[in-house]
Amino acid sequence: MSNDLMGTVALVTGASSGIGAATARRLAAEGASVALVARREDRLDEVRRSIEAAGGVARAVAVDITSRAGAQAAVDRTVEAFGRLDTVVNNAGVMLIGPFADAPVGEWERMVDVNVLGLLYVTKAALPHLVRAAEDGPRRTADLVNISSSAGRVARPGTAVYNLTKFGVNGFTEALRQELQAKRVRVSVIEPGNVDTELASHTRDELRAGVEEQIRAIEKLQPEDIADAVAYVVTSSRRVAVNEVFVRAADQS
Ligand code: NDP
């Protein structure tokens, strides 16, 4: 365990699986107390127990971030439990693949609700605490890290609405970065390529086999590879702002 983040508090959304769970474990190993935010309470508890078994501190906060009240409660319960908030990782997301014209409208709505609105609600609720942390926190800086995607940089057929949400996250991140620069709240975006998680499992059954076939030849990234990128961003010296990190699998084009 390093102690780069000792005395700080982090909130990670989508911490019940994949990249979010790996990131929460990594930030806890760096010394942060971590709030684990997602809907599946049993899975959050598993992550919490693994952090505690490794000597870290974590708390499960089971909420749905697509409700404004849920997002606000996630932040409020974190600050009640740990007294402050220095780092937010907006990681929760869904990807529902398929040609645009055939997709049920409910699929577009789920992606926009989680990937865009959920991220905005959590950010809005967290900002006053991040500004305070940058003024008087142990590191005199605070971090908001948005998990976008290679799909926020490169559009492909079959992911039009997912591309819309992730290109949007990139644009939002850059604008907010400039708005908060003077307050010493660093705002960063990480764009992972193919990572071995549950993400593709939510795609409709009739399309899932095709998606899996397309990426079968690639040696996928592991969630810990993206956790490494988050750790690099948030443990960097106060004088450094890592604005954007694009991490693809070595085989990925
Ligand atoms: P997972 O499906 O493993 O994780 C998604 C997480 O989001 C889960 O913890 C899920 O928890 C949470 N989540 C979904 N909906 C909500 C909600 N309404 N409220 C709160 N939490 C929610 O996939 P990944 O780890 O791969 O995905 C994490 C992020 O990484 C996403 O933003 C994704 O777009 C991005 N990404 C992933 C890539 C990949 O190849 N895997 C590539 C590029 C980007 P629960 O269901 O318990 O609520």
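The values are calculated or read from the model by the stated rules, or taken from the named source; none is laboratory data. On a predicted model such as this, the values are computed, not experimentally measured, just so you know. FYI the Cβ positions are ideal-geometry reconstructions off the backbone, even for glycines, and counts take in every protein chain you see. Side chains are part of the model used for accessible areas, which takes the heavy atoms of the whole protein and leaves out ligands, DNA and RNA. Shrake-Rupley method; radii C 1.70, N 1.55, O 1.52, S 1.80 Å.
Of note:
- Unmet requirement for residue 20, which otherwise passes all of (1) out of contact with any helix residue (DSSP H, G or I) (no Cβ under 7 Å at 6 or more places or on another chain); (2) open to solvent by 70 Å² or more (accessible area, probe 1.4 Å); (3) in contact (Cβ under 8 Å) with a residue 60 or more places away in the chain; (4) in a helix (DSSP H, G or I): (2)
- Pairing residues of the stretch 180-198 that are farther than 23 Å from residue 250 by Cβ with residues that are within 14 Å of the ligand (Cβ to nearest atom) and of a type outside the set (Phe, Trp, Tyr), at Cβ distances under 7 Å and at least 6 apart in sequence or on separate chains, gives 187/173.
Matching residues to (1) part of a helix (DSSP H, G or I); (2) open to solvent by less than 30 Å² (accessible area, probe 1.4 Å); (3) farther than 30 Å from residue 212 by Cβ; (4) within 14 Å of the ligand (Cβ to nearest atom):
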residue: 59; (1), (2), (3), (4): no, no, yes, no
residue: 74; (1), (2), (3), (4): yes, yes, yes, yes
residue: 89; (1), (2), (3), (4): no, yes, no, yes
residue: 94; (1), (2), (3), (4): no, yes, no, yes
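For every residue, the table says whether it meets (1) open to solvent by less than 40 Å² (accessible area, probe 1.4 Å); (2) within 12 Å of the ligand (Cβ to nearest atom); (3) not in a helix (DSSP H, G or I).
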position	(1), (2), (3)
77	no, no, no
119	yes, yes, no
122	yes, yes, no
156	no, no, yes
166	yes, yes, no
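- For the criterion of being at pLDDT below 90 and closer than 20 Å to residue 155 by Cα, residue 213 passes.
- Among the residues making up the stretch 141-176, those that are farther than 30 Å from residue 9 by Cα, hydrophobic (A, V, I, L, M, F, W, C) and without any contact (Cβ under 8 Å) to a residue 60 or more places away in the chain are 154, 155, 164.
- Test result for residue 94, of a type in the set (Val, Ile, Thr) and farther than 12 Å from residue 11 by Cα: yes
- Scanning the stretch 171-187 for residues that are of a type in the set (D, E, K, R) and either closer than 22 Å to residue 246 by Cα or open to solvent by less than 10 Å² (accessible area, probe 1.4 Å) (or both) returns 174, 177, 186.
- Only residues that are open to solvent by less than 20 Å² (accessible area, probe 1.4 Å), more than 21 Å from the chain's Cα centre (by Cα) and either more than 16 Å from the ligand (Cβ to nearest atom) or hydrophobic (A, V, I, L, M, F, W, C) (or both) were counted in the stretch 96-117, giving 1.
Per-residue answers, yes or no, for (1) over 13 Å from the mean Cα position of the chain (by Cα); (2) within 11 Å of the ligand (Cβ to nearest atom):
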{"position": "9", "(1), (2)": "yes, no"}
{"position": "12", "(1), (2)": "no, yes"}
{"position": "16", "(1), (2)": "no, yes"}
{"position": "20", "(1), (2)": "no, yes"}
{"position": "30", "(1), (2)": "yes, no"}
{"position": "37", "(1), (2)": "no, yes"}
{"position": "44", "(1), (2)": "yes, yes"}
{"position": "50", "(1), (2)": "yes, no"}
{"position": "54", "(1), (2)": "yes, no"}
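- Scanning the stretch 188-242 for residues that are charged (D, E, K, R) and within 18 Å of the chain's Cα centre (by Cα), we see that the one that is least open to solvent (accessible area, probe 1.4 Å) is 191.
- Within the option set 101, 133, being of a type in the set (A, V, I, L, M, F, W, C), assigned to a helix (DSSP H, G or I), in contact with an Asp or Glu (Cβ under 8 Å, 6 or more places away or on another chain) and more than 21 Å from residue 38 (Cβ to Cβ) holds for one residue only, 133.
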